[in-house]
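The values are calculated or read from the model by the stated rules, or taken from the named source; none is laboratory data. Since the model is a prediction, treat every value here as computed from it, not as a measurement. Glycine also receives a Cβ, built like all others from the backbone with ideal geometry; neighbour counts cover every protein chain displayed.
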Amino acid sequence: MYQLGIDGLPRNYELVYEAYGGNNPELAREFVAIGKVKSQRALDELGKKYLPHHHEESLLARTNERMRQQMSSFQNLLKQEKSSLTSYGKIIDETSRSFKANGEIDREALSRSITELSRATRSQASANAILAAGVEEQSAELEQVKSELENTEMAKFLDPLTGLANRRAFNKAVARIYTNAALPMMCGLAYADIDNFRQLGGPADSKMGDHFIRQVGNLIQAGHASADFMARLDGNRFAFLFNTSDDQEVIRLVDQLRAAVGAKQLISPKNGASVGLATLSIGVVMTTVATNAGELMEFAEQALTASMKGGGNKVSLYSTALPTGTAGDWKIYNP
């Protein structure tokens, strides 16, 4: 960041990561187009365009202004209703007094009172309808504001390409595992990479790569029952959490996910033809062998590397206990 002349702000890190990550070519082009000297204002404009959920202050400011306008409109409606009810009440009082007056009943006066009361009642009914419509409109606007806030909050933790959780959500999920460092949650973490991703079109053709990542993401979600948490971290990397202390159960579950991904042909967006099946290299680690979140992710990375170096389409389990006759810290589960 220092070499780029960019301040080390959290939102700047997010923007630079997205620009250089290769997942958003439009952002990358506009980032480069800013020039060598990148002002904070120019960076924020890009951030608001491509990563709006990282600029909550602008959203909150707009929401606050909308809420202020809504409250002002509500107050005006209530004032109008109060004025209308006051006028209606006066007419009712006057008419009531004419009915209660002693002496001979004045037919014309009575007729005028009835006519005036009828007119006032229709006017009040119309005012009530206007108020009801106004309240309904205000309620709909408030629901829209609420929905926008909720969607923005969700966008912070969702990968827009696959609809899975993103790296930010993953980091939070892993951090929760070690909330009590002395007694972490018992679970397994799995990292997965698409083996033949370059042959499928990424990252040389980013649009093609995105297409296949989306397809694989859909296949992963189709087997969602086997994972308690699923995320796309970046590129063709996925992560899964399983709430069990049984490593063999985790291996069985990731094998189900691997089978789900490899069960359906991937389709080219260019001609609709099949381009083959996607296979996954997967690395698994249990929280029982990692003392903190950093170790857990590091060990999962090492297990994944073992699967990739072993030819791919494999599941490797990180273990500190070496099986007899082995030369590495890996228990390899082959399909």
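Among the residues of region 258-296, those identified as closer than 19 Å to TYR318 by Cα and out of contact with any strand residue (DSSP E or B) (no Cβ under 7 Å at 6 or more places or on another chain) are THR287, THR288, ALA290, THR291, ASN292, ALA293, GLY294, GLU295.
If the condition is being more than 19 Å from the chain's Cα centre (by Cα) and at pLDDT 90 or above, then region 164-194 contributes ILE177, MET185, MET186, CYS187, GLY188, LEU189, ALA190, TYR191, ALA192, ASP193, ILE194.
Taken over region 1-47, the criterion of being at pLDDT 85 or above and hydroxyl-bearing (Ser, Thr, Tyr) is satisfied by SER39 alone. Against the definition (more than 27 Å from the chain's Cα centre (by Cα) and modelled with pLDDT under 90), how does PRO323 come out, yes or no? Here the answer is yes, as PRO323 does meet what is asked.
Annotation: of all residues in region 278-296 being β-branched (Val, Ile, Thr) and assigned to a loop (DSSP other than H, G, I, E, B), the one that is surrounded by the most Cβ atoms within 10 Å (Cβ to Cβ) is THR279. Residue under question is THR305, and the condition is that it be outside any loop (DSSP other than H, G, I, E, B), among the polar types (S, T, N, Q) and either at pLDDT below 85 or closer than 20 Å to ALA227 by Cα (or both); does it hold? Spelling it out, it is not the case that THR305 is outside any loop (DSSP other than H, G, I, E, B), among the polar types (S, T, N, Q) and either at pLDDT below 85 or closer than 20 Å to ALA227 by Cα (or both).
Cβ separations smaller than 7 Å between residues 6+ apart or across chains give no pair from region 119-134 residues that are without any contact (Cβ under 8 Å) to a residue 24 or more places away in the chain and more than 16 Å from THR86 (Cβ to Cβ) to residues that are of a type in the set (Asp, Glu) and part of a helix (DSSP H, G or I). Taking region 297-316, which residues are surrounded by 21 or more Cβ atoms within 10 Å (Cβ to Cβ) and within 11 Å of ALA190 (Cα to Cα)? Residues satisfying the conditions are PHE299, ALA300, ALA303, LEU304, VAL315, SER316.
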